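Accompanying notes for the structure given below.
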Amino acid sequence: MSFNIKFTNDNGVKSDIEIVFIDKDLLEKLPESIINIFLLQNFSAKDGEFIFLQNSNTLYYGAILDNVDSIREAAAKSIRIVKKYNIQSLKIKGFDNKEFTYALLLGILLGNYEFVDYKSDSKKASLESIFVVSNIDYKDELQKAFVVANSINMARNLINTPPQDCTPVVFADIAKRISKDFKLDCKIGDMKFLQNEKMDLILSVARASVHEPRFIELKYSPKNAKKKVIVVGKGLTYDSGGLSLKPADYMTTMKADKGGGCAVLGIMQAIAGLKPDIEVIGIIGATENMIGGNAYKPDDIIRSREGLTIEVKNTDAEGRLVLADCLSYAQDLKPDYIIDLATLTGACVVGLGEYTSGIMGYNTDLNREFEEIALKSGELVAILPFNRHLEKLIDSKNADISNVSSTRYGGALTAGIFLGRFIREDYKDKWIHLDIAGPAYVEKEWDVNSFGASGIGIRSVVDFILKVSNGS
Ligand code: BES
Ligand code: ZN
Ligand code: ZN
């Protein structure tokens, strides 16, 4: 993030452009000369409506100003509008409460993101300073907004990086670099590690790729930590579907199948910056799912690290295989909570739409607690409830379980139930599965998200961790 944000109580501070959020009440308080222009231009300050007045260099942006979600979204959208002008400085009026201020700052920082690494003609952003006019200097909110937004924008960049440039080995190198920069411990597991750990599920998915898989483990461990949270991410740097090959139209955007893994990296970066009094471990299973003579096949039966055998019925249901071995490893580390994040099923997108992630797990209280925190953080989630009838849908005639369901209904749930088989009895109440397939990749910009990766999952999991560390 190249620009800086300053609070100032000087309403007259000079800037190239000013953004003014406006609703019906504020509209009536404007000078008549401006109201007349609005009338002429048919501008009535509806939510999302905007008008730019050139003589005063002011963008008036219609917004609902009584809740954090609207403020965050208005900030993101208006910054995207003014960015098109070549400006160095920007002024915007602040709010006199912490939550609204944090939403404003996060909206600015997330809305400003654009993936330009591969654009030959991309000009360096010229915006240098943003002045937030406010009598109070919200230092803590500003610090948290920068930490969280930088982590999300890092994850977005990595997810957007094409598969030839973000292979599992590169992913692991980046995790190492971030660990160094943010003073985290980092262990990278290579082929030998995966073999020693008996992670045959990961090895099978990876087999047809020319790029070796990597197991990535990051650790934040402050002294006297009383609790331990482990976050596990699906890091498919590409998902072609394998031999159960995806149709061409479904294969594009599958560079984003590492969205869960990148979110884990983002969460670790954010935690390193926010320094809660709690141990946090991030685990990423990074691999490609490709085709070839060496590929794992429908009908293969593979023994998992946890011991259960799995009959592969569809090689495109690879994420649950990779996660199963990661979740097995995670439980050996005796966590108080395990949260996995994965772009796991198309069924979750069909069921909940492209804006909402699915929350699954056996502990209904924990599901609800997470739901509340996630919604408060500005991420859309919905609980998909497990039930006992779902269990038999992944029965296999030849092995302990099948990697796909015997029906086409409820695919997000049966994927969650599959993962649940790898969660030991002692951990059943400590585990949450997040299917982020819908919002992980944005094909038409919405809310704080520009086109491309959204970095979804980071805000809610970070806020969950902060809540646990504050003794919830
Ligand atoms: N990575 C996909 C899921 C996905 C789909 C993510 C759309 C984002 C957008 C996953 O590996 C997959 O292919 N799942 C299959 C499972 C099926 C074969 C049981 C699916 O959802 O179709
Ligand atoms: Zn797949
Ligand atoms: Zn996948």
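The values are calculated or read from the model by the stated rules, or taken from the named source; none is laboratory data. What you are looking at is a predicted structure, and each value in this text was computed from that prediction instead of being measured. Reconstructed Cβ throughout: ideal geometry from the backbone, glycine too, with neighbour counts over all protein chains shown. Ligands, DNA and RNA are excluded from the accessible area calculation, which covers all protein heavy atoms including side chains. Shrake-Rupley method; radii C 1.70, N 1.55, O 1.52, S 1.80 Å.
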| Scanning segment 433-458 for residues that are among the charged types (D, E, K, R) and over 23 Å from Asp239 (Cα atoms), which turns out least open to solvent (accessible area, probe 1.4 Å)? | Asp447
| message | Just the residues that are over 23 Å from Ile310 (Cα atoms) and of a type outside the set (D, E, K, R), please, taken from segment 190-225. | response | Val210, His211, Ile216, Leu218, Tyr220, Ser221, Pro222, Asn224, Ala225
| task | Determine whether segment 423-432 contains at least one residue that is in a strand (DSSP E or B) and crowded, with 20+ Cβ neighbours inside 10 Å. | result | yes
| note | Among (1) buried (at least 23 other Cβ atoms within 10 Å of the Cβ); (2) aliphatic (A, V, I, L, M); (3) in a loop (DSSP other than H, G, I, E, B), Val116 falls short only on (1)
| Residues of segment 324-347 satisfying the condition of being farther than 20 Å from Leu201 by Cα and within 12 Å of ligand 1 (Cβ to nearest atom) | Gly346, Ala347
| Can you name the condition, by its number, that Ile301 falls short on among (1) more than 11 Å from ligand 1 (Cβ to nearest atom); (2) farther than 21 Å from Gln164 by Cα; (3) in contact with a Phe, Trp or Tyr (Cβ under 9 Å, 6 or more places away or on another chain)? | (3)
| field | Conditions (1) more than 11 Å from ligand 3 (Cβ to nearest atom); (2) in contact with a helix residue (DSSP H, G or I) (Cβ under 8 Å, 6 or more places away or on another chain): number failed by Asp249 | value | (2)
| task | Kindly provide the set of residues from segment 15-51 that are of a type in the set (Ser, Thr, Tyr) and either open to solvent by less than 60 Å² (accessible area, probe 1.4 Å) or in a strand (DSSP E or B) (or both), ordered by number. | result | Ser15, Ser44
| request: Have a look at Tyr138, Tyr85, Tyr118 and point out the one that is in contact (Cβ under 8 Å) with a residue 40 or more places away in the chain and in contact with a Lys or Arg (Cβ under 8 Å, 6 or more places away or on another chain). | output: Tyr138
| message | Return the residues of segment 367-388 that are in contact with a strand residue (DSSP E or B) (Cβ under 6 Å, 6 or more places away or on another chain) and not acidic (Asp, Glu); say none if nothing qualifies. | response | Asn367, Phe370, Ala374, Val381, Ile383, Leu384
